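Visitor: Take a look at this one; I'll ask things after.
The values are calculated or read from the model by the stated rules, or taken from the named source; none is laboratory data. All values derive from a computational prediction rather than experimental measurement. Neighbour counts run over all protein chains shown; Cβ positions are idealised from the backbone, glycine included. When the accessible area is computed, the model is the full protein with side chains, heavy atoms only, and any ligands, DNA or RNA have been set aside. Shrake-Rupley method; radii C 1.70, N 1.55, O 1.52, S 1.80 Å.
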Amino acid sequence: MKAILLLSTLACGLCWGQAADDSKPASTNIMGQEYPRVHADNRVTFRLKAPDAQKVQVHLGNTNYDMQKDADGMWSVTAPPLVVGFHYYYLIVDGVQVNDPASETFYGVSRESSGIEIPETGVDYYSVKEVPHGEVRSVRYFSQVTGKWRQCFVYTPPDFDANPKAKYPVLYLMPGYGEDEHGWFTQGRADLILDNLIAAKKAKPMIAVTDNQFTALKPGEAPLVLGGRGAGGGARGAAGGGGRGPNMGTYGATFTEVLFTDLIPMIESRFRGSSSREERAMAGLSMGGMQTFLTTLPHLDKFAYIGGFSPGLPQAQIDEIYKDPAAFNKQVKVLFIGTGTVERDSNPNILRLHEALDKAGVKHVYFESPGTAHEWLTWRRDLNEFAQKLFR
């Protein structure tokens, strides 16, 4: 009963009081809600009505910020300036993690979590603009490999319905660990990035497909559970069904089979996706980048464009590139690898891959996102760069 009363208090716990003139409600707030508010200097003020609570905190990044309670039972705190882009957060009320009832929630840290967008001044490549817009369609398909129904999301470009006989190149986009098939179109804004690039004639009209490799499981196959948090969080350990973790050496194999057996044929038949390898691309962020390498590098007869955004690096597959760089360069039109400069400084593996590829004479594109870590702003920038190089 106490828990029910607490949740009831949280659900109605928004403050509609006077806000500072330089702040605005976050774009990620639920409709009509005033808090959290983002200040001009990117500080953020959070508020929650919880008169019976004894301690309330905001967990943001790697920090817990203590909120202060006023005489009316309103808790508030203003966090220091945040870097631009998207951030997950949650509240801790008397030791219990809860989502902010004023915020939209996003699946991205292996759970539904509140999220906040900090505007990037002067940047609009992932913003809604007055251009023709494509559509994101939720699609269910049956997998012969897993014996189950699956869901994917399919972006179709603005001219898709107006050209019923046209075939389109296809980009398959993979999420990172702790995320699912929604992420690229919610946190990542992939549809808006593609809309804006296509309108500016910086990218060819294309289909983009998001799916979830982590749910591609055969009967009896254990799900991948890592010790890290968030997209591609460090693989410190695993725990699967029956107390045993799945073999990381087999990660990605089932989804590769699902892709070739179920997903690609469905996209080509239902959405007029091109069957040509020269018009097929795959990319992913973090462990989605690892999935991309695991799938594409052994099957260069099926993909001409490969993108790894802060990717995990499966060494055995990457080593195959070096055996015949000339043949690889002839087959692969674009190999793209990207990282944020902040994450590069703490984990230089992707930079080292770039240097090794250069030394071996393997043609590739290396992109660094300035000032960003292992986060969605890095991957938005990666996609914006990668998409412009596709299907040329």
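Visitor: Name the one entry in GLU268, GLU279 that is open to solvent by 40 Å² or more (accessible area, probe 1.4 Å), modelled with pLDDT of 95 or more, more than 19 Å from SER143 (Cβ to Cβ) and out of contact with any Lys or Arg (no Cβ under 7 Å at 6 or more places or on another chain).
Guide: Values: GLU268 fails: more than 19 Å from SER143 (Cβ to Cβ).
Testing whether each residue is open to solvent by 40 Å² or more (accessible area, probe 1.4 Å), modelled with pLDDT of 95 or more, more than 19 Å from SER143 (Cβ to Cβ) and out of contact with any Lys or Arg (no Cβ under 7 Å at 6 or more places or on another chain) leaves just GLU279.
Visitor: Looking at (1) modelled with pLDDT of 95 or more; (2) closer than 26 Å to SER276 by Cα; (3) among the basic types (Lys, Arg), which is the one condition that is false for ARG392?
Guide: Result: ARG392 fails condition (1) only.
Visitor: What tally of residues in segment 282-300 results from selecting those that are part of a loop (DSSP other than H, G, I, E, B) and open to solvent by 10 Å² or more (accessible area, probe 1.4 Å)? Full working, then the answer.
Guide: Step one: of segment 282-300, the residues part of a loop (DSSP other than H, G, I, E, B) are 286, 300.
Right, trim to open to solvent by 10 Å² or more (accessible area, probe 1.4 Å) and you get 300.
Qualifying residue count for the region: 1.
Results for (1) assigned to a loop (DSSP other than H, G, I, E, B); (2) polar (S, T, N, Q); (3) at pLDDT 95 or above, shown as yes or no for each residue.
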position	(1), (2), (3)
GLY188	yes, no, yes
PRO205	yes, no, yes
GLY234	yes, no, no
THR256	no, yes, yes
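Visitor: Next question, about the same structure. Condition first: buried (at least 17 other Cβ atoms within 10 Å of the Cβ), farther than 30 Å from THR378 by Cβ and of a type in the set (A, V, I, L, M). Now tell me which residues in segment 57-86 satisfy that.
Guide: MET74 - this is the single residue of segment 57-86 that is buried (at least 17 other Cβ atoms within 10 Å of the Cβ), farther than 30 Å from THR378 by Cβ and of a type in the set (A, V, I, L, M).
Visitor: Can I ask one more? Take segment 65-86 and flag every residue that is of a type in the set (S, T, N, Q) and either over 20 Å from GLU104 (Cα atoms) or not in a strand (DSSP E or B) (or both).
Guide: Let us first name the residues in segment 65-86 that are of a type in the set (S, T, N, Q), namely 68, 76, 78.
Of everything in segment 65-86, just one residue is of a type in the set (S, T, N, Q) and either over 20 Å from GLU104 (Cα atoms) or not in a strand (DSSP E or B) (or both), namely GLN68.
Visitor: Here's something else I'd like to know. Go through (1) farther than 16 Å from GLN57 by Cβ; (2) among the aliphatic types (A, V, I, L, M); (3) within 25 Å of the chain's Cα centre (by Cα) one by one and return the number of the condition ALA79 breaks.
Guide: Unmet for ALA79, out of (1) farther than 16 Å from GLN57 by Cβ; (2) among the aliphatic types (A, V, I, L, M); (3) within 25 Å of the chain's Cα centre (by Cα): (1).
Visitor: Please specify each residue of segment 255-265 satisfying the condition of being open to solvent by 50 Å² or more (accessible area, probe 1.4 Å) and among the charged types (D, E, K, R).
Guide: GLU257
Visitor: Would you mind telling me which numbered condition in (1) hydrophobic (A, V, I, L, M, F, W, C); (2) surrounded by 20 or more Cβ atoms within 10 Å (Cβ to Cβ); (3) over 16 Å from the mean Cα position of the chain (by Cα) ALA326 fails?
Guide: Just one mismatch for ALA326, condition (2).
Visitor: If the requirement is being of a type in the set (Phe, Trp, Tyr), in a loop (DSSP other than H, G, I, E, B) and farther than 30 Å from ASP41 by Cβ, which of these qualifies: PHE160, PHE142, PHE153? Even if it seems obvious, please write down each step before you answer.
Guide: Numbers: PHE142 fails: in a loop (DSSP other than H, G, I, E, B); PHE153 fails: in a loop (DSSP other than H, G, I, E, B).
It is PHE160.
Visitor: Suppose we filter segment 87-116 for residues that are open to solvent by less than 10 Å² (accessible area, probe 1.4 Å) and in a strand (DSSP E or B); how many remain? Lay out the reasoning, then the answer.
Guide: Taking segment 87-116 first, the residues open to solvent by less than 10 Å² (accessible area, probe 1.4 Å) are 89, 91, 93, 100, 102-103, 108, 113-116.
When the remaining residues are screened for being in a strand (DSSP E or B), the result is 89, 91, 93, 103, 113-116.
Total satisfying the criteria: 8.
Visitor: Could you figure out which of (1) polar (S, T, N, Q); (2) farther than 23 Å from TRP376 by Cα; (3) loosely packed, with under 13 Cβ neighbours inside 10 Å; (4) at pLDDT below 95 isn't true of GLN54?
Guide: The number of the failed condition is (4).
Visitor: Tally time: how many residues in segment 301-320 are open to solvent by 10 Å² or more (accessible area, probe 1.4 Å) and part of a helix (DSSP H, G or I)?
Guide: 5
Visitor: Within the bounds of segment 211-231, is there any residue that is closer than 30 Å to TYR88 by Cα, open to solvent by 60 Å² or more (accessible area, probe 1.4 Å), touching a Phe, Trp or Tyr at 6+ places or on another chain (Cβ under 9 Å) and at pLDDT 95 or above?
Guide: The answer is no, given that none of the residues of segment 211-231 is closer than 30 Å to TYR88 by Cα, open to solvent by 60 Å² or more (accessible area, probe 1.4 Å), touching a Phe, Trp or Tyr at 6+ places or on another chain (Cβ under 9 Å) and at pLDDT 95 or above.
Visitor: To continue, here is another question. I'd like the full set of residues that are modelled with pLDDT of 95 or more and open to solvent by 10 Å² or more (accessible area, probe 1.4 Å), limited to segment 175-186.
Guide: ASP180, GLU181, HIS182, PHE185, THR186 - these are the residues of segment 175-186 that are modelled with pLDDT of 95 or more and open to solvent by 10 Å² or more (accessible area, probe 1.4 Å).
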